[in-house]
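The values are calculated or read from the model by the stated rules, or taken from the named source; none is laboratory data. Just so it is clear, the model here is predicted, and its values are computed rather than measured. As a convention, Cβ positions derive from the backbone with ideal geometry for all residues, glycine included, and neighbour counts pool all protein chains shown. To get the accessible areas, we keep the full protein, side chains included, count just its heavy atoms, and leave off ligands, DNA and RNA. Shrake-Rupley method; radii C 1.70, N 1.55, O 1.52, S 1.80 Å.
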Amino acid sequence: MGLKAKGVVSKASPAKTIMLLIFLSSFITFSIFIANGGSAANASGDDVPAMIDRARQFVESQQNEDGSWGSRLAMGDTALCAEGLLWQGGDADALNSALAWLTSSTAANSDFISRKACCIALAGDPATPSQVERDFLAACGHEDGSLSLAPGERGNPLDTAISYPALLSLQEMDKAEAAITYLISSQLEDGGFSSGR
């Protein structure tokens, strides 16, 4: 599988651009926090590229030999780490190893399937996840547009929001539109959302 990390931003859809902005702001905040010994104080804008580079190097150094990150939540951790490295120009060997691990692993819930689908689509292979995983994700959908962690569970805003980018990357536009409609109708008066779990 060939990586397409270069030029991703210029070719990104609006939804991917929004996801990128959210991710980058989180990545930069985390980088500042870690680089300053757990404190965001005293960080200047000039420090940000160096902090991001150190954070990228740290993430790469934590990769397991099999290409994954983490243990119990390896699917989600690996997808998030690989996606971050794709955006930040991570080491090609680390990325290829992570993508190989992701494509050979079966996700067990809608959260992991969604994270896996988004990461692999970003790398340029929207054919993944497998048909079994696509069917599982479809079975997590509900008539009101919500999605749940597993089939038979109640749909909720959290799992719907996590699954929404995957629906886009899998070109499931009708389901994505229904998910957004559900999310809008689920918003609380204060602007927040209940996890619904």
Next item on the list: Find all pairs meeting these conditions: Cβ atoms under 8 angstrom apart; at least six residues apart or on different chains; first residue within the range 44-71 and at pLDDT 80 or above; second residue of a type in the set (D, E, K, R) and in a loop (DSSP other than H, G, I, E, B).
Entry: E60/D91
Check: Only one of these conditions is not met by Q171: (1) under 30 Å from E65 (Cα atoms); (2) loosely packed, with under 15 Cβ neighbours inside 10 Å; (3) of a type in the set (S, T, N, Q). Which number is it?
Finding: (1)
Check: Within the range 128-148, is there a residue that is touching a Phe, Trp or Tyr at 6+ places or on another chain (Cβ under 7 Å) and either closer than 27 Å to A92 by Cα or not charged (D, E, K, R) (or both)?
Finding: yes
Next item on the list: Taking L85 as the residue in question, decide whether it is open to solvent by less than 20 Å² (accessible area, probe 1.4 Å) and at pLDDT 90 or above.
Entry: no
Margin query: Can you say whether F136 is touching a helix residue (DSSP H, G or I) at 6+ places or on another chain (Cβ under 7 Å), open to solvent by 80 Å² or more (accessible area, probe 1.4 Å) and closer than 30 Å to L85 by Cα, as far as the supplied structure shows?
Written below: no
Next item on the list: Within the range 146-197, count every residue that is in contact with a Pro (Cβ under 8 Å, 6 or more places away or on another chain), of a type in the set (A, V, I, L, M, F, W, C) and within 17 Å of R134 (Cα to Cα).
Entry: 1
Checklist line | Which numbered condition A150 misses (of (1) hydrophobic (A, V, I, L, M, F, W, C); (2) within 11 Å of the chain's Cα centre (by Cα); (3) more than 30 Å from R54 (Cα to Cα)) | finding: (2)
Item checked: Residue ID - most open to solvent (accessible area, probe 1.4 Å), chosen from residues in the range 139-153 that are farther than 17 Å from A117 by Cβ and touching a Gly at 6+ places or on another chain (Cβ under 7 Å) -> D144
Item checked: Unique residue being open to solvent by less than 40 Å² (accessible area, probe 1.4 Å), over 23 Å from Q187 (Cβ atoms) and among the polar types (S, T, N, Q) when the list is T103, T78 -> T78
